[in-house]
Amino acid sequence: MSVEYKLNRLDTSGVGPLVDKHWRELREAKEKGMKVAWSSGPLFVYSYATPNMASHFMAGYAAYCGGRKMADEVLEAAEKYGELRDTCSYHRLHTGMMAMIANDWPVTDPRVILPLPDLLISGRFCTEMSHYMEAIYRRFGVKAVIIELPVARKTEDLPRIEKYVTDQVKETLIPAIEKTSGSKFNEDNLRRIFRDWKETCIIRNKCWEFLKRKPALWTLWDYGVSIAPIFYAMGKPESHAYYVNLLEQLEERAAKNIPAVHPDGEKYRLYWDGWLPWAFLGKFLRLMVPHGAIPISGRYPWEFFPYPEDINPEADDIIHEWIRVLYTSPNRLAYHDGPWGGKEHIEKLLEEYSIDGMLFFSSKTCRMWNLGQLDIIDKIERKYGIPGIVIEGDMIDSSMVSEDQLRTRIEALLEMIDARRR
Amino acid sequence: MEEMMKEFFRYTSDPYRAISEWKDASKKKVVGVFPMWLPEEIIHASGMLPVVMWRSNEAITWGYAHVPSYNCPMNKSVVDDAVKGKLKFMDGMVFLRECLQSQEVPYIIENNACPPFEEYLYLPPIYHGDKASKGFTRDEFEKLRAGLEKFTGEKITDEKLRESIRIYNRNRSLLRRLYEIRREKPGILKGRDILRIVWASMLMPKEEHSKLLEKLISELEKKDYVQAKGKKVFLSGCLCIHPQLELMDMIEALGMLVVDDDIYVGYRYFANDAQLTDDPIGAMVERYFIKTPVDPAKGEVELHWGDELVEKVKKVGAEGIITLLTKYCPPHLCYYPDIKVKLADAGIPEVLIEVEHEIISLEGIRTRLQSFKEMIGGV
Ligand code: SF4
Ligand code: SF4
């Protein structure tokens, strides 16, 4: 390794206070007389739009605990409570936290403890999401609303699924939110959120353009950290301000020709498939950057409202509008979560972001993406000559992550890229 | 009796060969259905033989080029068999969205070993049993009917559907009778034999299975019964796959008698009938939405699998429960801790045995079962 590569991280320090504020407000919500909803999947927007309801996004909590290195203790509590280790780590994390509350177990960092919910909302892209809501319902009696969001196999199925999901949301979810919050569902608020969110995401997408540049000016990891404002502060001024600042930083970098990797940009541009490994972001980067490799794009972060142009905040039926975005808008977001649409989506990202190689992150306890990954790699390798490998691990459970395995696999991928370049 | 059993065993000893032989002889087509809740009657009414896909009898090898090892044995096995070409005799395959893993299996099948007919049903769970879900399920069943009609060129009339429902109900009621006999006379048949009888019903034509089973039942009803020795136990879980026959033998060798179960290749498969009404598709939808036996993959939040087990164990006088957990099966993994608590609260002894594709450590299982036996009394 003759060149000494180093990462030139973007300043994402604005995220920390914003994230802390979100969770603090959630912890204080009940004292302020608010109701609390826990939600998984994209239906989060409906509770979020309810003014006297504080919303806890379950995957966000996992990212929060993982990023703050608080996950292992909660996972241990889950195990003590009887959870089996092959169970999805996000499930274990939530039941672990609730076990800590129920049993009054000591906790090193009190920030892991959240108020018990008044309502559970599961948007079942992944069927497992509902399983942890069911478990919480069984143990604590919290009302659970489970909405089925099938991942489509064929595009012609999308309109039918869209109607089914809309019917469920209107028949079941909205009345439950109204009952729990004690007020009529606030459509104007939902419109306002979509309007502001759309505007923020247009700026965010301008930032993405700088990932397309060679050399890239920032990394997928910087963006991974920056997802928080999009989600926790959806439609709020601070989210907008965060992205305005990020864009300014990137424009400055562009003007001064400062790449994300010193001294003169990345040698390998990698695609990342699957969830981000929240508790191990640094670990992964340390294995990649010394080789001049950085992650540039990925399927999961693109879930966060990637096509702001697809939503119409002024649509007559605003409740349906979000589901239309998921299923039948031009970019049919939900289609990309299954392997059928996923492959098509990955191919698009590979071209747009000039990818050299693909890392498919396969979580040992989350089987959301991993069943089709090997086949997708095979198809893409044949078609584009871009090599890919699978790396195994977990987003937050350190007992499932082996650094040696990761190192060997990442190095193997880089060698494959080199071999194709020769 | 042995003759009848031989026929059941022929199917379960080598299902690949037995079904292929049936196909050659009958000149009919075969459609594999993924467990657990596809309406086989619709396929039957199309004139083809629906067979429930099974865990194979070989180690997973080629399948690992497509599925990670930490996925459930059902998925690994179907993919492995398919890519090895062992399922070529299937003219069709039907899949369903029943859990996170099963929803992606068809992608691998389509890419590597797609049969001439393939269908995928987005069957919803039964959470609210609401209008939307029932309507959507009905559309899915109709989609299967239309797809099959196109494939065979034959109309599937309501009359044909009703006839298939009648044949399936008949078989289900016979299997329930077999279970009743076992409850009354535990040990009258070996655990492995009962398992193979139920499994055979998933593999062979229902009409033939029912004929044999009817004869077997009348023999069993006449047979002198000597009270078998052993502690009565209830088998629970084992979603989608059949447990290893060796496991059934081991339970008995350790002095326990299975008196009842809620496993998939068991009571779960034949617990409920579809009504014979003017609207056969509607009747199958209603059957799909029946909430018991509680199924973790179908998610019913108002009922508790643990309560159901407590009630069943008391009813059949079992002294404990052996839980068979299909390894890496999220619906069961997520539910199990709550079942365990319920059983502990009710003072019902229970032991957990994980069932992988292949038994990894018979000795480990023996030790666990041995301690369980000591716990429920007796050495
Ligand atoms: S299995 Fe994966 S997608 Fe599903 S809830 Fe768990 S972490 Fe989320
Ligand atoms: S055994 Fe469990 S995980 Fe596997 S297909 Fe069946 S329900 Fe799904």
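The values are calculated or read from the model by the stated rules, or taken from the named source; none is laboratory data. Values in this document were obtained by computation on a predicted structure and should not be read as measured data. With ideal geometry, Cβ positions are generated from the backbone for all residues, glycine too; neighbour counts draw on all protein chains shown. Note: areas computed on protein heavy atoms with side chains; ligands, DNA, RNA excluded. Shrake-Rupley method; radii C 1.70, N 1.55, O 1.52, S 1.80 Å.
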I need the P(r) histogram for the stretch A:15-186: all alpha carbon pairs, bin width 10 Å from 0 out to the longest distance, whole percents.
10, 37, 35, 16, 2, 0
Helix axis angle, A:187-212 relative to chain A longest principal axis, alpha carbon, degrees
10 degrees
Residues with beta-carbon under 9 Å from that of A:Gly388, excluding A:Gly388: net charge, scoring Lys, Arg +1 and Asp, Glu -1?
-3
Which net charge results for the neighbourhood of A:Lys283, defined as the other residues with beta-carbon distances under 11 angstrom from its beta-carbon, given Lys and Arg at +1 and Asp and Glu at -1?
+1
Work out the length of the dipole vector of the stretch B:78-166 about its Cα centre, built from +1 on the beta-carbon of each Lys and Arg and -1 on the beta-carbon of each Asp and Glu, and round it to the nearest 20 debye.
180 debye
How much FRET efficiency would the formula 1/(1 + (r/R0)^6) give for B:Asp307 and B:Ile360, where r is the Cβ-Cβ distance and R0 is 51 Å, rounded to 0.05?
0.95
Total charge dipole magnitude, chain B, about the Cα centre, Cβ charges on Lys, Arg, Asp, Glu only, Debye to nearest 20:
560 debye
For the stretch B:77-234, report the % of Cα-Cα distances exceeding 23 Å.
58 percent
Counting only DSSP beta bridges with both partners in chain A, the antiparallel fraction in percent, to the nearest 5, comes to 5 percent
Order B:Val33, B:Val316 by their accessible area, 1.4 angstrom probe, all chains in place, largest first.
B:Val316, B:Val33
Can you tell me the length gained on complete extension of the stretch A:Asn312 to A:Arg407, counting 0.36 nm per residue apart and subtracting the Cα distance?
29.7 nm
Looking at the stretch A:292-344 from every direction and averaging, what is the projected area of its Cα convex hull in nm²?
4.5 nm²
Principal-axis tilt of helix B:191-203 within chain B, Cα atoms, nearest 10 degrees
10 degrees
Which of the aspartates and glutamates could be linked to A:Lys6 by a straight reach, that is with a Cα gap under 14 Å, when you skip same-chain ones fewer than 8 residues away?
A:Asp264, A:Glu266
For the stretch B:20-148, convex hull of alpha carbons as volume per residue, Å³
102 Å³
The ratio Rg/Rh over the Cα atoms of the protein assembly as shown, Rh being the Kirkwood inverse mean 1/r radius, stands at 0.98
Estimated FRET transfer efficiency when R0 is 60 angstrom, pair A:Glu4-B:Arg138 (beta carbons, to 0.05)
0.40
Starting at 0 and stepping by 10 Å, how many percent of the alpha carbon pairs of the stretch A:189-421 end up in each bin?
7, 31, 36, 21, 5, 0
What number do you get for the stretch A:311-422 when its Cα radius of gyration is normalised by 2.2 N^0.38 Å, N = residues?
1.32
Accessible area in square angstrom per residue, the stretch A:15-186, 1.4 angstrom probe:
33 Å²
Applying 1/(1 + (r/R0)^6) with R0 = 56 Å to the Cβ-Cβ distance of B:Arg166 and A:Thr155, what FRET efficiency is obtained, to the nearest 0.05?
0.90
If I ignore ligands, DNA and RNA and count only protein heavy atoms, how much of A:Glu162 is accessible to a 1.4 Å probe, in Å² to the nearest 10?
20 Å²
Counting only residues 5 or more places away or on other chains, whose amide H sits under 5 Å from the amide H of B:Leu325 once H atoms are built in the peptide plane?
B:Cys238, B:Ile353, B:Glu354, B:Val355
Quick one: work out Rg over Rh on the C-alpha atoms of the stretch B:248-379, Rh as Kirkwood radius.
1.01
For the stretch B:160-375, the fraction of alpha-carbon pairs in successive 10 Å shells from zero, as %
8, 32, 37, 19, 4, 0
Between rounded, prolate and oblate, where does chain B land on the alpha carbon gyration tensor, with a ≥ b ≥ c its root eigenvalues, rounded for a/c under 1.5, else prolate if a/b exceeds b/c?
rounded
Please give the charge dipole size of the stretch B:1-143, origin at the Cα centre, charges +1 on K and R Cβ atoms and -1 on D and E Cβ atoms. Round to the nearest 20 debye.
120 debye
So what's the convex hull volume per residue for the Cα atoms of chain A, in Å³?
134 Å³
Label zone at A:Lys80, where the point sits 7 Å out along the Cα-to-Cβ direction: the stretch B:323-347 residues whose backbone N lies under 11 Å
none
Excluding same-chain residues fewer than 8 positions from B:Lys314, which lysines have a Cα within less than 24 Å of its Cα?
B:Lys185, B:Lys190, B:Lys229, B:Lys231, B:Lys232, B:Lys291, B:Lys340, B:Lys342, B:Lys373
Using protein heavy atoms only (no ligands, DNA or RNA), what is the total accessible area buried between A and B, 1.4 Å probe, nearest 100 Å²?
4700 Å²
Under Stokes-Einstein, with the Kirkwood radius over Cα pairs standing in for Rh, what whole-number D in µm²/s applies to the stretch B:261-310 at 4 °C and 1.567 mPa s?
109 µm²/s
Summing +1 for each Lys or Arg and -1 for each Asp or Glu, what net charge is found among the other residues whose Cβ lies under 12 Å from the Cβ of B:Gln103?
-1
Principal-axis tilt of helix A:15-28 within chain A, Cα atoms, nearest 10 degrees
20 degrees
Mean projection of the alpha-carbon convex hull of the stretch A:260-337 over all orientations, in nm²?
7.0 nm²
How much solvent-accessible surface does A:Ile101 expose, in Å² to the nearest 10, with a 1.4 Å probe and all protein chains in place?
60 Å²
Over the stretch B:160-375, with every protein chain in place, what whole percent of the accessible area is carbon and sulfur at 1.4 Å, could you tell me?
50 percent
Just to be sure I follow the rule: in the stretch B:11-158, considering lysines 8 or more places apart or on different chains, how many pairs have Cα atoms under 23 Å apart?
27
